[in-house]
Amino acid sequence: MADVKVKKESSDPVDIENRIKALCQQFPHGITDQVIQNDMPHLEAQQRAMAINRLLSLGQLDLLRNSSGLLYRMKDAQTASKMKGSDNQEKLVYQVIEDAGNKGIWSRDIRYKSNLPLTEINKILKNLESKKLIKAVKSVAASKKKVYMLYNLQPDRSVTGGAWYSDQDFESEFVEVLNQQCFKFLQSKAEVARDSKQNPMVQRNSSFATSHEVWKYICELGISKVDLSMEDIETILNTLIYDGKVEMTIIAAKEGTVGSVDGQMKLYRGVNPIIQPTGLVKAPCGLCPVSPPSQATGAKWLRFNTHTSISLGIKHCIGDIY
């Protein structure tokens, strides 16, 4: 009978360190001590601690803390050079902010994720700002509060409000100008279709325009100081739909067609209402199926001056609500 050879797990310190680093690469968000124990159950606690401490002293691992305990994560070479001379608490706060990306994070959430006192966090934030590693950005969701993100990141639209906000102020006049110009373009296209003297169905189909065509027209006008996306233009077109000035239809489109998304394309055309809406329809209402979130959420409801509930046909005015 042939002898059965049992493979013995290596207890060499170098092999242990390499395995820990491999685990960290496999789980880039970090590993706990339990993960190491499960992967190398033959290791004694002292051997495990010595390997981790050596990697920490060599600057190859980051020691983080979250609500579930300690985490070990591979240290990025670029981050390591930036954070040279920083203590573990400062590295922890920097890592929490980095994980938040370009949407940023409130100081309250930093406190929750780092388990550090608020006074210590404020001190660390000022220090990181002075080193130009992070920056504070005012959010349209709460003008009196700031979110923190890495210094070289461009804030997300949900933070800045996108093209509709300037220095935390809603640009109502700019929105109104865009509203008028988009409607003017669709009206002119409808007039050209009407003057073609073709049959009504052909006239109707040729009066439609894609959001890409409207976007191109607005860009060529040069009325915007900021770069507008097709999504921005579609937001404006939606307000015209709510006002009953424009109608939209969706058609199938070939993959790769300009303006198409997931094989579909939105078409818009200007319409003239047969009768003007009555005063009752224009009156503000106390109950609305598209009402803003409660004040308790602290979120600013980003809407334009007026909108129409498609289901009920109720138009009501919405201001900036905190």
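The values are calculated or read from the model by the stated rules, or taken from the named source; none is laboratory data. Here the structure is a predicted model, which means the values were calculated and not measured. Quick reminder, even Gly has a Cβ in these numbers, built from the backbone with ideal geometry, and neighbours come from all protein chains shown. The area values use the complete protein model at the heavy-atom level, side chains included, leaving out ligands, DNA and RNA. Shrake-Rupley method; radii C 1.70, N 1.55, O 1.52, S 1.80 Å.
Report, in listed order, any pair from Lys123/Lys146; Lys245/Lys266; Lys91/Lys144; Lys225/Lys245; Lys103/Lys135; Lys103/Lys138 with a Cα-Cα distance greater than 19 Å. Among Lys123/Lys146; Lys245/Lys266; Lys91/Lys144; Lys225/Lys245; Lys103/Lys135; Lys103/Lys138, the Cα-Cα distance tops 19 Å for Lys91/Lys144; Lys225/Lys245. Surface calculation, 1.4 Å probe, protein heavy atoms: Arg19 sits at approximately 90 Å² accessible.
Descending by average beta-carbon neighbour count within 10 Å, the peptides 180-186, 27-33 line up as 180-186, 27-33, the highest first.
Accessible area of Tyr151 (1.4 Å probe, protein heavy atoms only, ligands and nucleic acids ignored): about 110 Å².
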